[in-house]
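Encoded as structure tokens, the structure appears first; notes follow it.
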Amino acid sequence: MSDHTENQENYWKANVRLIFGCLIVWALVSYGFGILLRPMLAGIEVGGTDLGFWFAQQGSIISFIGLVFFYAWRMNALDKEFGLEE
Amino acid sequence: MSQFTINLLFVGASFALYFGIAIWARAGSTKEFYVAGGGVHPVMNGMATAADWMSAASFISMAGLIAAGGYANSTFLMGWTGGYVLLAMLLAPYLRKFGKFTVPDFIGDRFYSRTARLVAVACLIIASVTYVIGQMTGAGVAFSRFLEVDKDTGLIIAAVVVFFYAVLGGMKGITYTQVAQYCVLIVAYTIPAVFISLQLTDTFIPAIGLFSEHTQSGMPLLQKLDEVVRELGFRDYTADVDNKLNMVLFTLSLMIGTAGLPHVIIRFFTVPKVADARWSAGWALVFIALLYLTAPAVASMARLNLMTTIYPEGPTENSIAYDERPDWIQTWEQTGLIKYEDKNGDGRIQFYNDTPAFAEEATARGWAGNELTVNRDILVLANPEIANLPGWVIGLIAAGGLAAALSTAAGLLLAISSAVSHDLIKGSINPDITEKGELLAARVSMFFAIIIATYLGMNPPGFAAQVVALAFGIAAASIFPALMMGIFSKRVNSKGAVLGMLAGLCSTLVYIFTYLGWFFIPGTNTLANTPDNWLFGVSPLSFGAIGAVINFAVAFIVSNMTEEVPQDVQDLVESVRYPKGAGGAVDH
């Protein structure tokens, strides 16, 4: 079990990179668009209010679902690519 | 048929279903008791996780919180869903690969220390016990309102039901009951919301109705709502908040806390493979989102409905006379959750924001103070009555509220009893216990956990609202960082992990106790709980995220100053990172 190969190392790096990318989007849609950047998005109107409000109450949740499924799909593919699937 | 009979029928039918499942899904081994045999389909586990997660707070209180706070309380929506992104990417797949039964199991093995395991057990028990009190009281309230029994009797009925399927079936029984409970609660939540959305916006999907036109006025719904509440001195519903730092930290604390709650994490131990754990997190979020996308619509529509009920001619005209109030106000007045006091003696109901800024206008209109207080928890429960829906919808809401409370209570009780039987008894006190003995111990500890939860539900310690914050704070500051470092770092050793957990836990407790009272005893708080006193404007409820940062920092510094992690533990970290390999999936 301790034969720590280059293949495994690359797999783990790819995983960490993927997580990093996903978490940037995660933070952007919630803390960014939903909270901190809301004043900047105030000009964009959505159904009687602004885009920031939409992200805070709906957009972030929809993005989270997309992110989790995207991660599952990519990682399960990476498992196979690196021959590390269960 | 009377409303009472209808409610009894709905609640009785749902309970009969849970009993049926309990008898069908008895657990025969510890593996079945702790992780449902490890063979739950990922979609089904997603559904069970959604019911496990969505408590009485989500079902009953959340829409009311958003209705009262508007945009500012979007924090609950983002915080209670965003945690699943963290769980799916940072914890669930690796802990599934580890393949044991409890959260302290992993912490004990990874940090090769009995102390670390015991600290994790302590954090788990404090977080879960505080959380379960809220569920039991929620069930008690639902019983007393809908089945017209005394609150304590209601609680005992709830305890007996949970006892039956949780003790007999363990995780196996809980899983299948939670799937049934999810179906009951989502149908119950959605149906009244669809009707209200149709009435107000002609749109049958509430989540879309929220951003649609208000049919009666021709204005967008949210603009109409802003206008109405503004006329009565309230803050605009969509108004931005000033203290963004606190909003960010509160959301972050809820997210990290969600990802660190043991009863949610152990649900991912029940799926067959690592790949399934990843999919399952996505499905859990889909099923949660079905309620969480509807909740903000329910919130704004119910708030507007309430306002137009009191001011049928518009907020600038006369409000309704008390004698002409609708039936649902009378019903809820009997429970004391709606209160009316005719302060200016005009026989009408004045409902407005009684603040100095609005005082001049109020005096000009002949008002002598706000006359109506509405408990925000009744919003969802009263929805069918406000929208004039038939009696069976009210029965459905009763069954749904109970399903939400019981499913979460059962999940928490399992997390507590497995920590006692597996981590304390087998892990520390008597490692040679037989499989049969451990299964019995698990059932006995479940029994005592239910007794304690019921007792605390009957005699709530007077801080029911704060305890949920405590549970999230502890999960965020102690459990989540330890788990994450255990997977993503090979450098963090046992000293670092133990001191990190203790630092995160203690700093969070001290900050919460400073403002909310030492051990929550009223009047013992060191500083008044007002925004002016908060350190950098951070509320005690938002401190979990900072506690987590303290935990990370202490663990890294201490680990770098002390010994390297032993090779076999480094190998363990390697093995949880890769789905393939013989290192994981050990059955004891």
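The values are calculated or read from the model by the stated rules, or taken from the named source; none is laboratory data. What you see is a predicted model, and the numbers here were worked out from it, not measured in a lab. Don't worry about glycine lacking a Cβ; one is built from the backbone with ideal geometry, like all the others, and counts go over all protein chains shown. Side chains are part of the model used for accessible areas, which takes the heavy atoms of the whole protein and leaves out ligands, DNA and RNA. Shrake-Rupley method; radii C 1.70, N 1.55, O 1.52, S 1.80 Å.
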Original post:
Carbon-plus-sulfur fraction of the accessible area of the range B:302-386, 1.4 Å probe, in percent?
Top reply: 43
Original post:
Which value, to two decimals, describes the C-alpha radius of gyration of the range A:18-86 once divided by 2.2 N^0.38 Å?
Top reply: 1.43
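Using the structure shown, list the pairs from B:K172/B:K495; B:K151/B:K244; B:K97/B:K172 with a Cα-Cα distance above 31 Å, or answer none. Don't jump to the answer; show the numbers that get you there.
On the way: B:K172/B:K495 36 Å; B:K151/B:K244 40 Å; B:K97/B:K172 20 Å.
Too far apart for the 31 Å limit: B:K172/B:K495; B:K151/B:K244.
Shielding of B:442-453 by partners, i.e. mean partner chain Cβ atoms within 10 Å per residue?
Values: counts 0, 0, 0, 0, 0, 0, 0, 0, 0, 0, 0, 0.
Across B:442-453, the average partner-chain Cβ count within 10 Å equals 0.
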Original post:
Whole-Hz Karplus ³J(HN,Hα) for the range B:388-394, in order, using 6.51 cos²θ - 1.76 cosθ + 1.60 and θ = phi - 60°, x for Gly and Pro?
Top reply: 6, 8, x, x, 5, 5, 5
**OP:** Positive end of the charge dipole of the protein assembly as shown (Lys, Arg +1 and Asp, Glu -1 on Cβ, about the Cα centre): tell me which of B:A88, B:A364, B:N344 has its Cα farthest that way.
**Re:** B:A88
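Taking a cut-off of 42 Å, what percent of all Cα-Cα pairs in the protein assembly as shown are separated by more than that? Could the numbers behind the result be given before it?
Values: 55695 of 226801 pairs.
Here the long-distance tail beyond 42 Å is 25 percent of all Cα pairs in the protein assembly as shown.
Across peptide B:246-256, what mean number of C-beta atoms from other chains lies inside 10 Å of a residue's C-beta?
That average works out to 2.
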**OP:** Specify the longest stretch of chain B that does not include any exposed loop site, a site being one of the GluC sites (Glu not before Pro) with a non-H, G, I, E, B DSSP assignment and at most 15 other Cβ atoms within 10 Å.
**Re:** B:342-562
Original post:
Percent of accessible area on chain A owned by carbon and sulfur, 1.4 Å probe?
Top reply: 66
Original post:
When the accessible area of each residue in the range B:199-228 is compared between its chain alone and the complete protein assembly (1.4 Å probe; ligands, DNA and RNA ignored), which residues differ by at least 50 Å², being lower in the assembly?
Top reply: B:F211
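Residue by residue through A:23-31, how many Cβ atoms from other chains fall within 10 Å of the Cβ on average?
Values: counts 4, 0, 1, 5, 4, 0, 3, 12, 8.
The per-residue average across the peptide is 4.
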Original post:
If Lys and Arg each add +1 and Asp and Glu each add -1, what is the summed charge of the other residues whose beta carbon sits under 15 Å from the beta carbon of B:A284?
Top reply: +1
Subject >> Rounded tilt (10° steps) of A:6-27 against the dominant C-alpha axis of chain A >> reply: 10
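If you take the accessible area of A alone plus B alone and subtract the pair, what total do you get in square angstrom, rounded to 100, with a 1.4 Å probe?
By this definition, chains A and B bury close to 4700 Å².
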Subject >> Accessible area of the range B:463-588 belonging to carbon and sulfur atoms, whole % at 1.4 Å probe >> reply: 71
**OP:** Would you please calculate the Kirkwood hydrodynamic radius of the range B:457-586 over all C-alpha pairs and express it in Å, rounded to one decimal?
**Re:** 16.4
**OP:** Give the dimensionless ratio obtained when the Cα radius of gyration of the range B:302-386 is divided by 2.2 N^0.38 Å.
**Re:** 1.07
Subject >> Where N is the number of residues in chain B, Cα Rg divided by 2.2 N^0.38 Å >> reply: 1.00
Original post:
Size of the dipole of the range B:302-386 about the Cα centre, Lys and Arg at +1 and Asp and Glu at -1 on the beta carbon, nothing else charged, in debye to 20?
Top reply: 220
**OP:** Could you tell me which of B:S421, B:G20, B:W332 has its Cα farthest along the dipole of chain B towards the positive end, charges placed at Cβ (Lys, Arg +1; Asp, Glu -1), taken about the Cα centre?
**Re:** B:S421
Original post:
Give me the Kirkwood hydrodynamic radius of the range B:34-190 in Å, from all C-alpha pairs, to one decimal place?
Top reply: 17.9
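Just the number please: accessible area per residue for chain A, 1.4 Å probe, all protein chains included, in Å². Write down the numbers at each step before the final one.
Values: 4020 Å² over 86 residues.
Spelled out: the 1.4 Å probe surface of chain A, per residue, equals 47 Å².
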Original post:
Rolling a 1.4 angstrom probe over the protein heavy atoms, how many square angstrom per residue are accessible across chain B?
Top reply: 35
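Cβ neighbours within 10 Å, averaged per peptide: list B:389-401, B:290-302, B:77-89 in order, most packed at the top. Working shown, then result.
On the way: B:389-401: 22.2, B:290-302: 24.7, B:77-89: 26.8.
Going by the mean number of other Cβ atoms within 10 Å, highest first, we get B:77-89, B:290-302, B:389-401.
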**OP:** Run through all the Cα pairs of the range B:358-494 and give the fraction in each 10 Å bin from 0, expressed as whole percent.
**Re:** 9, 20, 25, 21, 13, 7, 3, 1
Subject >> Percent of C-alpha pairs per 10 Å bin, the range B:206-311, short to long >> reply: 12, 29, 28, 20, 11, 2
